[in-house]
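Below is one structure, written out as structure tokens; comments come after it.
What follows draws every value from the coordinates through simple rules; no lab data is involved. All figures in this text were calculated on a predicted structure; none of them were measured in a lab. We place every Cβ from the backbone using ideal geometry, glycine too, and count neighbours over all the protein chains shown.
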Amino acid sequence: MSLPILGVDNILFAIGDLTQARAFYEKGLGFPVKFVIAEAGVIAYQLGKEEPGLLLRVQDIDPAPPRTTPRVWLEVADARAAARQLETTGIPLLKEPWEVSTGWIVEIADPWGNVIGLTDYLKAPQKARKAFGSEEG
């Protein structure tokens, strides 16, 4: 069987509190809001220039953090610089940035244990997305 995937629609995370999530994702990470459906406990954030977003939904979460859950990794221009910026805003790193064949990765977790990785392609720039505002992007 072959299941032809056309692309990513959205990434969904369970959260425990909409207000706390907004503080973490908007103020802490600076993610831009796509839409909010407060009565349903839902908020969506834009991820770069792509249509798929990060959709957060309030629901009961068990087990409590830390959890071993799927991770989402987002591309940034420089993961080590992102790590320094996160530390200055008070968001703890799960561990120090580590090197991989294409560049560097750092991971953080939201208050509910959802893990977000920030990865760069500094060692493989031909694979990297173009930054906002670039002539090619």
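Laid out as a table, the results:
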item	result
Beta bridges per DSSP with both ends in the chain, % antiparallel, nearest 5	65
Segment 10-67 and segment 87-121: distance between their alpha carbon centers, rounded to Å	17
Length gained when the stretch Ala77-Asp62 is fully extended (0.36 nm per residue, less Cα-Cα span)	2.0 nm
Cα gyration tensor of segment 1-113 - equivalent ellipsoid semi-axes, whole Å, descending	22, 20, 15
Helical contribution to [θ] at 222 nm, DSSP H n ≥ 4, -39,500 (n - 2.57), averaged over the chain, rounded to 500	-3000 deg cm²/dmol
Total lysine pairs under 23 Å (Cα atoms) in the chain, excluding pairs fewer than 8 apart on one chain	8
Folded to 0 to 90 degrees: helix 79-88 orientation relative to the chain principal axis, Cα	40
Positive-pole candidate from Trp98, Pro4, Leu86, dipole of the chain, charges at beta carbon	Trp98
Residues of segment 13-30 with amide N under 13 Å of the 7 Å Cα→Cβ point at Ile91	21-30
